[in-house]
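What follows is one structure encoded as structure tokens, with my remarks underneath.
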Amino acid sequence: MAQEIERKFLVKGDFKSSVVKETRITQGYLSSVPERTVRARVKGDKGFLTIKGIGNESGASRFEWETEVSIEDANNLLALCEPGVIDKTRFIVPEASGLMFEVDEFYGDNEGLTVAEIELPTEETPFTKPEWLGEEVTGDVKYFNSMLMKTPFKNW
């Protein structure tokens, strides 16, 4: 099982001039309990099944296991998911040291919310914060996708 280390931020400005790739994502949760989430995802033309463990004290690190599945299987799993499918476009924006920001622009009940995540090799890894990066929300559960399906941005 791999360790996922990421920090999450609100987006406060225009990042799109730096985008190198974008992909539409639809995802749902077979289990959304904090101790473990099980997610089905269609990302572009590929399907995935992901299991994530509970985060550490800072919320930046947790176990993650992911495997690619067929689009057909991913769509069948989405039909079994808890209510509240997440729909978003993910934009990839390079960071100065070679890392990548993943910026998610949400639709539907989460329209108006845009968050950026950066995966890091360690929690202490330094990175350059672009001007469009806003408040850090790492560890704030209301910004977890598994929570956005239960309490969407429009209801805040």
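Computed from the coordinates by the stated procedures, all read-outs in this text should not be read as laboratory data. Remember, predicted model here, so these are calculated numbers, not experimental data. For neighbour counting, all protein chains shown are included, and Cβ atoms are generated from backbone atoms with ideal geometry for every residue, glycine included.
Which option, [x] 11, 42, 36, 10, 1, 0; [y] 11, 39, 31, 13, 4, 1; [z] 11, 39, 40, 10, 0, is the value of P(r) over Cα pairs in 10 Å bins from 0, in percent that was calculated from these coordinates?
Label of the calculated value: [z].
Using Cβ counts within 10 Å as a stand-in for footprinting exposure, how do Tyr107, Tyr29, Tyr143 rank, fewest first?
Working: Tyr107 14, Tyr29 24, Tyr143 18.
Result, fewest neighbours first: Tyr107, Tyr143, Tyr29.
Using only Cα atoms and rounding to the nearest 10 degrees, what angle (0 to 90) does helix 71-80 make with the longest principal axis of the chain?
Helix 71-80 and the main axis of the chain meet at about 70 degrees.
Work through the residues other than Pro94 whose Cβ is under 12 Å from its Cβ and net out their charges, Lys, Arg +1 and Asp, Glu -1.
Working: positive: Lys21; negative: Glu95, Glu102.
Residues near Pro94 contribute -1 overall.
What relative contact order, as a whole-number percentage, does the chain give when Cα pairs under 8 Å and 6 or more residues apart are counted?
Numbers: 351 pairs, mean separation 47.7, N = 156.
Relative contact order comes out at 31 percent.
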